[in-house]
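Trainee: Structure below; questions to follow.
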Amino acid sequence: MTSKKDSAPLHGIVAGLAASYRAEPAMVKIGEANRISRAAVVASVRRLREIVYGGFFAETPLDWEFVEYYLGRLVEQVHHDLAKQVRRALRHQRDDEAPPAEADAAAQAEAITTEFLRRLPGVRAVLATDLEATYDGDPAAYNRDEIVLSYPGVFAVCVHRLAHELYDLGVPLIPRMMSEYAHGRTAIDIHPGARIGHHFFIDHGTGIVIGETTLIGDHVKIYQGVTLGGLSTRGGQALRSTKRHPTIEDDVTIYSGASILGGQTVIGAGSVIGANAFLTSSVPPGSRVSIADAPVRD
């Protein structure tokens with residue numbers, strides 16, 4: 001037990017910390033009912049993944065007889081929890097914007113969450129193409145179950161496709177929280193704003209970075225360590241809403257360690273970008289790009 005004499009220095013430390021809270025208000029959330037719960041967002045991601053891959057992540061074996069009951073329970077829980085977090089997120093606008101009134105935010109959150117849930121069959125349809133692309137493109141894959149249950153790229157892309165729908169619906173903060181949850185789990189960093197076509201395959205995945213304004217076409221394959229990034233962030237907030245990241249057209253393969261940078265950079269359809277290549281300008285369709293003495297194989 002600490003005596004009053006022994007605790008005196010601690011009181012001074014606590015007082016100093018409390019003063020620093022007041023001095024740096026951007027770093028605290030105290031006395032605000034609209035604080036977003038990261039735990040609730042992560043729980044919703046887990047339930048959404050359970051919905052997307054029906055039965056794979058269920059706590060007990062799932063029978064067809066009870067599918068609608070199973071889905072009803074999950075959808076109701078996601079709707080309740082996510083709508084609450086979306087309402088709070090809508091109250092957290094940019095620093096230079098006024099937040100909507102509480103009642104307006106609640107109505108918007110209800111409509112957004114319902115529309116998001118309506119889009120889940122479409123999300124599942126695209127994720128099914130990603131699963132096929134992964135199975136077809138990886139000779140090490142034992143079967144599709146192994147891919148769903150264990151491939152980090154499939155997990156990251158699943159979370160991205162869910163987060164992107166919320167991003168597309170204008171939800172602040174939560175899509176980024178979802179993508180950072182996947183980033184922490186997989187070391188694959190995909191901004192929720194990135195637009196990615198069907199049959200997308202991430203092989204291995206560790207260290208991949210895909211920026212906010214990246215456009216990726218269909219049937220694209222990306223290996224570990226690839227960066228699809230911006231040329232510079234020195235412009236800061238002045239660069240907001242500009243195309244800062246590259247466009248990757250259909251049927252492109254990008255090998256490990258390649259960096260493709262810049263909003264005006266376009267990788268033409270059917271191109272192969274070799275390992276460790278560094279590109280800041282466009283290449284035409286059908287290109288084969290590699291560093292010296294580094295052979296590229298399809």
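The values are calculated or read from the model by the stated rules, or taken from the named source; none is laboratory data. From a predicted model like this one, the values you see are computed outputs, not experimental measurements. Virtual Cβ from ideal backbone geometry, glycine too; neighbours counted across all protein chains shown. These accessible areas exclude ligands, DNA and RNA; they are computed on the full protein's heavy atoms, side chains included. Shrake-Rupley method; radii C 1.70, N 1.55, O 1.52, S 1.80 Å.
Trainee: State in Å² the accessible area per residue of the range 55-199; use a 1.4 Å probe, count heavy atoms of protein chains only, and round to the nearest integer.
Mentor: So the range 55-199 comes to 52 Å² accessible per residue, rounded to a whole number.
Trainee: With 19 Å as the cut-off, how large is the P(r) tail for the range 184-258, expressed as percent of Cα-Cα pairs?
Mentor: That tail contains 31 percent of the Cα-Cα pairs.
Trainee: At a 1.4 Å probe radius, carbon and sulfur cover how many percent of the accessible area of the chain?
Mentor: Numbers: 8780 of 16240 Å².
Summing carbon and sulfur atoms, their accessible area is 54 percent of the total for the chain.
Trainee: Separate question: Helix-derived [θ] at 222 nm for the chain: sum -39500 (n - 2.57) over DSSP H runs of at least 4, divide by residue count, nearest 500?
Mentor: -14500 deg cm²/dmol
Trainee: Then there's this: Assuming R0 = 45 Å, what is the FRET efficiency of Asn276 and Glu110, from their Cβ-Cβ distance, to the nearest 0.05?
Mentor: So the FRET efficiency works out to roughly 0.40.
Trainee: If you count only protein heavy atoms and use a 1.4 Å probe, how large is the accessible surface of Leu149, to the nearest 10 Å²?
Mentor: So the heavy atoms of Leu149 present about 100 Å² to solvent.
Trainee: Using a Förster radius of 25 Å, what is the FRET efficiency between Glu68 and Asp136 based on their Cβ-Cβ separation? Nearest 0.05, please.
Mentor: Efficiency at R0 = 25 Å is approximately 0.20.
Trainee: Counting pairs of alpha carbon atoms under 8 Å apart in space and at least six apart in sequence, what relative contact order in percent does the range 81-154 give?
Mentor: Reported as a whole number, the value is 22 percent.
Trainee: Just to confirm a number: summing +1 for Lys and Arg and -1 for Asp and Glu over residues other than Gly263 whose beta-carbon lies under 9 angstrom from that of Gly263, what do you get?
Mentor: +2
Trainee: If each residue of separation counts as 0.36 nm, what is the full-extension length gain between Ala125 and Ala98 once their alpha-carbon separation is subtracted?
Mentor: Value of the extension gain: 6.0 nm.
Trainee: Round to the nearest 10 and give me the degree value, 0 to 90, for the angle of helix 38-52's Cα axis relative to the longest principal axis of the chain.
Mentor: 40
Trainee: For Arg288, Arg22, write out the residues from largest to smallest accessible area, computed with a 1.4 angstrom probe and no ligands counted.
Mentor: Values: Arg288 130, Arg22 190 Å².
I get Arg22, Arg288, largest accessible area first.
Trainee: ³J(HN,Hα) across the range 259-273 via Karplus (A = 6.51, B = -1.76, C = 1.60, θ = phi - 60°), whole Hz, x for Gly/Pro?
Mentor: 10, 10, 10, x, x, 9, 7, 10, 9, x, 4, x, 7, 10, 9
Trainee: Follow-up question, since we're still on this one. If you look at just the Cα atoms of the chain, how large are its Rg and its Dmax in Å?
Mentor: Answer for the chain, Rg first and Dmax second: 22.5, 76 Å.
Trainee: Hey, another quick one. Taking the Kirkwood radius as the inverse of the mean 1/r across Cα pairs, report the Rg/Rh of the range 146-233.
Mentor: Values: Rg = 12.1 Å, Rh = 12.9 Å.
My calculation of the ratio gives 0.94.
Trainee: For the range 52-211, compute the orientation-averaged projected area of the C-alpha convex hull (one quarter of its surface), in nm².
Mentor: 10.4
Trainee: In bins 10 Å wide, starting from 0, what share of all Cα pairs of the range 147-298 does each bin hold, as a percent?
Mentor: 12, 43, 35, 10, 1
Trainee: Using the Karplus curve 6.51 cos²θ - 1.76 cosθ + 1.60 with θ = phi - 60°, work out ³J(HN,Hα) for each residue of the range 107-114 in order, rounded to whole Hz, and write x for Gly and Pro.
Mentor: Listing the rounded values in order: 5, 4, 4, 4, 5, 5, 5, 5 Hz.
Trainee: Among Leu74, Gly153, Thr134, which residue has its Cα positioned farthest towards the positive end of the charge dipole of the range 64-168, with +1 placed on the Cβ of Lys and Arg, -1 on the Cβ of Asp and Glu, and the dipole taken about the Cα centre?
Mentor: The listed residue farthest towards the positive side: Leu74.
Trainee: Helix 4-23 versus the longest principal axis of the chain: what is the Cα-based angle in degrees, 0 to 90, to the nearest 10?
Mentor: 60
Trainee: I need the shape label for the range 1-91. Rule: rounded when a/c is under 1.5, else prolate if a/b > b/c, else oblate, with a, b, c from the alpha carbon gyration tensor.
Mentor: Because a/c hits 1.5 or more and a/b exceeds b/c, the range 1-91 counts as prolate.
Trainee: What are the ³J(HN,Hα) values, in whole Hz, obtained from phi via the Karplus relation 6.51 cos²θ - 1.76 cosθ + 1.60 with θ = phi - 60°, for each residue of the range 217-223 in sequence order, with x given for Gly and Pro?
Mentor: x, 8, 6, 9, 10, 10, 9
Trainee: Angle, helix 120-137 long axis vs. longest principal axis of the chain, Cα atoms, 0 to 90°, nearest 10?
Mentor: 50
Trainee: Something else now. Tell me the net charge near Ile202. Cut-off is 13 Å between Cβ atoms, Ile202 excluded, with +1 for each Lys or Arg and -1 for each Asp or Glu.
Mentor: Result for the local shell: -2.
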